[in-house]
Amino acid sequence: MPTKREFLSGLASSAALATLLPAQVKAATPDATLFTNVRVFDGTSDGLSDLTNVLVEGELIKEISPAADAAPDVPRIDGNGRTLMPGLIDNHVHLQWNQSPLEFMSARADYLAALALRECKATLMRGFTGVRDTGGGILGVARAVDEGIYPGPRIHACNSAIGMTAGHGDYRPRSVRPRAFGGPAITEFEATQIVIIADGVDEVLTATRDQFRQGAHFIKVFSGGAVSGLYDPLDINEYSPQELLAAVEEAKRWNTYAASHAYMDSSVRSAIEAGFACIEHCNLMTPESMELAVEKGVWLSTQVGFFMTPIPEGFTEAQATRQKLAQDGLDTMLQLAKEYGAKIALGTDFVGSSETKATQLNELSLRTPWFSNAEILQQATGNNGRLWELAGPRNPYQKGPVGVIEAGAYADILLVDGDPIADISVMSDPENFDVIMKGGRAYKNTIA
């Protein structure tokens, strides 16, 4: 039997150690690309620039200037007045979940990964160069994308969302007992890593730490009732204040943040008071909670398209009622968010169907009743990129910011045939994206 010294020496020298660590971005990129004659939407402004050039070197944007130039052998893309803008970011996705719940829970892990890779490519080719995955065993897929093995967006991920017994994410039949009462250690839904069930402060701490052990970039906790849950009414607060605080404080110790799933005002408020940095959904907030969120700088990760689609087939009467309640609250919440100047992120939250996920781009135009075209584009680019920065050193993309067009930012770029500030409908069809670039590599180029 090896001694402790021999074991540790062998482990440290083994190439297998790399598989225990978060993936680093290794995909090869061209040395440079020069975009000429483009009008820039930078992810933060209210309009487009005058005609200019954008020089990309390696993975990053090097220079933005009418005088920007490059050596004669550097590839050039003449924008001819097109709009150059940041690649889109969807801040609420589930890349792994592309089937019905029953099919999803019974499928082999390698089949789920294959479907997730297919969805990664489809997402990138819709113009989304970044996504924030808010529940799912996707970190291995993220590594494959970052290493250039398969095309896809940059992926921020929480791994398993953390939920309580009878809360959102508990899809066990009533005949299956909780672990504390003799039930299985891990159930089918937990095995997919969409969710982990944790009850009490100690289990919440363990679950939080295990997500970081798996390489998570942030933590997500189900702290309120859900539309699609089996057992949790929409009106309940999930988790005690002590349990919520345990997850938040552990995330802070890892120098990142915790996000909360919550719809009702009471659960939103309890999450804000516990220190969550981002609330997912938050459809039924009151003015008082909106004011508190703004005061504390909390991000609101909002979805519109999810609630504008017909109630899914197979929903129970209770689930359909909850969907209608959340849908009815959306208008008031978005009006309040704009009125109070809240930090608004954009996401979609589609699950279960690649056909539904294919409507991802509709999220932008569906927001026009509440926001200007520029505000919507900012939400899908610069705002979402700023939310990523909350992950601090857990962010796997450390060379520059995402969601903006500026010197030193990642060269995640769309070249759009049209002016989305004037007509946001041009963003609804990826055929209008003549170039899709991520990290300096063009995955689509219809001009060259």
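Do we find that A274 is surrounded by fewer than 16 Cβ atoms within 10 Å (Cβ to Cβ) and among the hydrophobic types (A, V, I, L, M, F, W, C) in this structure?
Taking the combined requirement at face value, the residue does not satisfy it.
Please specify each residue of the stretch 419-448 satisfying the condition of being under 12 Å from F41 (Cα atoms) and not aliphatic (A, V, I, L, M).
Hits for the stretch 419-448 are D419, P420.
Among the residues of the stretch 220-243, which ones are touching a helix residue (DSSP H, G or I) at 6+ places or on another chain (Cβ under 9 Å) and charged (D, E, K, R)?
Scanning the stretch 220-243 gives K220, D235, E238, E243.
Under the condition of being within 21 Å of P233 (Cβ to Cβ) and among the basic types (K, R), which residue from the stretch 169-187 is surrounded by the fewest Cβ atoms within 10 Å (Cβ to Cβ)?
R174
Which numbered condition trips up A374, out of (1) assigned to a loop (DSSP other than H, G, I, E, B); (2) more than 21 Å from R154 (Cα to Cα); (3) aliphatic (A, V, I, L, M)?
(1)
Please state which one of E431, E389, E363 is part of a helix (DSSP H, G or I), among the acidic types (D, E) and in the same structural domain as G229 (by TED's automatic domain parsing).
One residue alone meets the criteria, E363.
Name the one entry in E406, E389, E375 that is in contact with a Pro (Cβ under 8 Å, 6 or more places away or on another chain), over 23 Å from A122 (Cβ atoms) and at pLDDT 95 or above.
Answer to the check: E389.
Take the conditions modelled with pLDDT under 95 and closer than 18 Å to L300 by Cα and apply them to A226. Does it pass?
yes
How do the helices (runs of 4 or more DSSP H) wholly within the stretch 71-167 filter down when requiring 1 or more residues that are among the aliphatic types (A, V, I, L, M) and surrounded by 18 or more Cβ atoms within 10 Å (Cβ to Cβ): which remain?
In the stretch 71-167, 109-125, 139-146 are the helices (runs of 4 or more DSSP H) which contain 1 or more residues that are among the aliphatic types (A, V, I, L, M) and surrounded by 18 or more Cβ atoms within 10 Å (Cβ to Cβ).
Within the set of pairs 6 or more residues apart or between chains, which connect a residue that is in the same structural domain as I194 (by TED's automatic domain parsing) inside the stretch 121-139 to a residue that is acidic (D, E) and in a strand (DSSP E or B) with Cβ atoms less than 7 Å apart?
Cβ pairs passing all conditions: F128/D90; V131/D90; T134/E280.
Tally up the residues in the stretch 290-309 that are crowded, with 24+ Cβ neighbours inside 10 Å and hydroxyl-bearing (S, T, Y), please.
Count: 2.
Within the set of pairs 6 or more residues apart or between chains, which connect a residue that is without any contact (Cβ under 8 Å) to a residue 60 or more places away in the chain inside the stretch 393-409 to a residue that is not in a loop (DSSP other than H, G, I, E, B) with Cβ atoms less than 6 Å apart?
P401/G385
The values are calculated or read from the model by the stated rules, or taken from the named source; none is laboratory data. Just so it is clear, the model here is predicted, and its values are computed rather than measured. All Cβ positions, even for glycine, are placed from backbone atoms using ideal geometry, and neighbour counts span all protein chains on display.
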